[in-house]
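Notes follow once the structure below has been shown.
Derivation of every value follows stated rules applied to the coordinates shown; laboratory data play no part. Small disclaimer: the values here were computed from a predicted structure and weren't measured. No Cβ is skipped: glycine too gets one built from the backbone with ideal geometry, and neighbour counts run over all protein chains shown.
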């Protein structure tokens, strides 16, 4: 607090009041708009070589500067932590996504207060600060309404927030939050709702609210889309625009894209196209029916990206209409390379992968027209992933260039002379460089203290020097950078890169042992000045240089809290952070209350449990509506009334519906309804429906969900459902028309805590 500088006398007559000055940005400081795309690979924007239509993003590049050698961490939460703090991801405790925290400093899943956020810095300098879209910097078990909010956006420098927690959400029915509370989407899919448009609406609303009160205050808008993380959802008319465009497949698409990259100067002459890895099938080897499915997957991705570009265009158009676009520093990045999480054939429901039952060719062929719609959670096959990272090798989660080299575009007329607009820069840069770049262009120094907390040094280096006329030939200022993600490691230093891939478990046909000692991993060495796509391994011819690079990696790892190395993707589930609410045997629910995330909902998987709901049915009312449910059309369970009959449905990851129905109608008055689910321990369940102590229905669920019901943020609700509907019997929210007096879930037995045993059991049943 500023020391009082007035005069305090015995009375007001002898006293002089004083007010501390309001913080103001430096004269001439710009507005700041940071746009973060999700899982968009190096080659997927038009201005980076793609034939996917991204005219508004391309317009930013045409009026600004593209970085051709910009890098991220290979995964979303870690990169976002770098963007917003300027510190390396392990120093932020964000070695992996926030949901996979482990009990070591670099893996805690919580960014310490000593690493201040961009919103905190600019807010203290008089900026209005807004976050819209994906956050994913809060552990999943702290995203409910009883959670602390210290890792939420409004506790880390953003005055307003509208968006979603977690890595992904359903694009037609998202799990939304507004400031510090959960909210439901403002419209339904039938009414034309899509998250990308909603986020643009909210961003424009926030800026409009600001300008209605203050004409001049500078703003920071952190705009993080859900695109193009799976599910690849888009309005049907946008998908139809791409019909047939990808029919000749990923190999041909990759070749054409590489040619455009060379012709535009995005990649230097002589840059090779990394060879197609052996585990990615040649397009010509696919049956025609499978080619049609694979092409449709890509049509959905392209539509999702183009539709989101259109919404970004609406936001930029608003700034142009208000005369503020040229006074706004715009930085657009993607958070990591294109994603291979759809597997070899593509995925129609990513929760199926968690449960060890991916869709086969026959099912994909039969459900081709569902791709891109609310009933699918589609993610394209890794042939398109490979193509999306052209000309690079590997992809998201790995630290070869395909996982860490990403688009970065800067538009700021005050710093980019007319003659440099549309220019490309080839100097190395990293996500940690974004914050210091913003601060330099705003004329603001990084503070030594934020809210009485001393701050750590910023790791990044501003790349503002690249924007001007001298940027083309300027030397690199970011000369050393380590990388580590799930055991894969790399180090960049003075134009050279050493890198080693660590498998997560039999992935991609490498034939490598994921349990092999880390010291046995084979390192590669590349001259990045002449080999951007890492095609010529110089490890054998430069052993001394490679040894020095590896030693430099270990030095950087020790300095940045990277250790201990761990390539177990489920280590966090085997060693979970203690939680006060962990594995309760009884859960009492409030009717029509906020959704409870699946991670903190009662764990009923392979466990005997009972769902009891006391209701009051008014005279003349036929009971309808959801009583208690968890999940969505992609998987879950629900107890509901349909035309007065008690019904239980288990949706096995969108693959199978098992229904148990009452043989009687629940009439007026007070009733106790109960679903007793008995789990013998083999991932099946027997279900008994009870009304007022009388058995009214019995049935069996032969394959009860074992690992995860849904991964789009759909959680536990009482009295309604978020949707899309778990059961095909109704349309969400299917709000109960009876009074829910009380609801509770009782669980018996011990929850499965060893995911490896869990997945082994799942696979043995398939």
Between residue 190 and residue 737, what is the FRET efficiency for a Förster distance of 22 Å, r being their Cβ-Cβ separation, to the nearest 0.05? 0.60
I'd like the projected area of segment 482-574, averaged over all directions, using the convex hull of its alpha carbons. Report it in nm² with one decimal. 6.7 nm²
Relative to 2.2 N^0.38 Å, what does the C-alpha radius of gyration of segment 137-271 come to as a ratio? Two decimals please. 1.40
State, to one decimal in nm, how far the label point of residue 473 lies from the label point of residue 314, with both points 7 Å from Cα in the Cβ direction. 4.6 nm
Rounded to two decimals, the Debye log10 I(q)/I(0) of segment 31-473 (Cα scatterers, no solvent) at q = 0.05 Å⁻¹ is -0.16
Figure the gain on full extension for residue 279 and residue 585 (residue separation times 0.36 nm, minus the Cα-Cα span) and round it to one decimal in nm. 105.7 nm
What are the radius of gyration and Dmax of segment 256-369, computed over its Cα atoms and given in Å? 19.3, 54
Compute the long axis of helix 288-321 from its Cα atoms, compare it with the longest principal axis of the Cα atoms of the chain, and write down the angle in degrees, 0 to 90, nearest 10. 60 degrees
The chain, relative contact order in percent, only Cα pairs under 8 angstrom and at least six apart counted: 16 percent
Beta bridge orientation in the chain: antiparallel %, DSSP, nearest 5: 75 percent
Along the principal axes of its C-alpha atoms, what lengths does segment 83-215 span, in descending order and rounded to whole Å? 46, 37, 25
Given a Förster distance of 25 Å, the FRET efficiency implied by the Cβ-Cβ spacing of residue 216 and residue 19, rounded to the nearest 0.05, works out to 0.80
Hey, could you pull the Cα Rg and Dmax for segment 586-765, both in Å? 15.3, 52
Peptide ranges 541-553, 725-737, 383-395 listed from the most packed, as the mean C-beta count within 10 angstrom indicates: 383-395, 725-737, 541-553
Taking a label point 7 Å from the Cα of residue 513 along Cα-to-Cβ, the residues of segment 521-551 whose backbone nitrogen sits under 16 Å from it are 521-522
Using only DSSP helix segments of four residues or longer, with each worth -39500 (n - 2.57), what per-residue ellipticity at 222 nm results for the chain after dividing by its residue count and rounding to 500? -6500 deg cm²/dmol
Within segment 377-399, name every residue whose backbone N is under 19 Å away from a label modeled 7 Å from Cα of residue 344 along the Cβ vector. 379-387, 394-395
Taking a ≥ b ≥ c as the square roots of the eigenvalues of the Cα gyration tensor of segment 72-154, is the shape rounded (a/c under 1.5), prolate (a/b larger than b/c) or oblate? oblate
Full extension from residue 11 to residue 544: what is 0.36 nm times the residue separation minus their Cα-Cα distance, to one decimal in nm? 184.0 nm
Could you rank the peptides 298-310, 697-709, 424-436 by their average count of other C-beta atoms within 10 Å per residue, with the highest value first? 298-310, 424-436, 697-709
The convex hull of the Cα atoms of segment 648-700, divided by residue count, gives a volume in Å³ per residue of 87 Å³
Using 0.36 nm per residue, how much length does the chain from residue 263 to residue 421 gain when fully extended, once their Cα-Cα distance is taken away? 55.1 nm
Regarding the chain, what's the average projected area of the Cα-atom convex hull, expressed in nm²? 36.8 nm²
With just the Cα atoms defining each centre, how far is segment 204-227 from segment 582-640? Give it in Å. 38 Å
Given Cα pairs under 8 Å that are at least 6 residues apart, what percent is the relative contact order of segment 586-765? 35 percent
Quotient of Cα Rg and 2.2 N^0.38 Å for segment 422-578, N being how many residues it contains: 1.25
Two-site FRET efficiency, residue 744 against residue 700, from Cβ-Cβ distance with R₀ of 22 Å, rounded to 0.05: 0.35
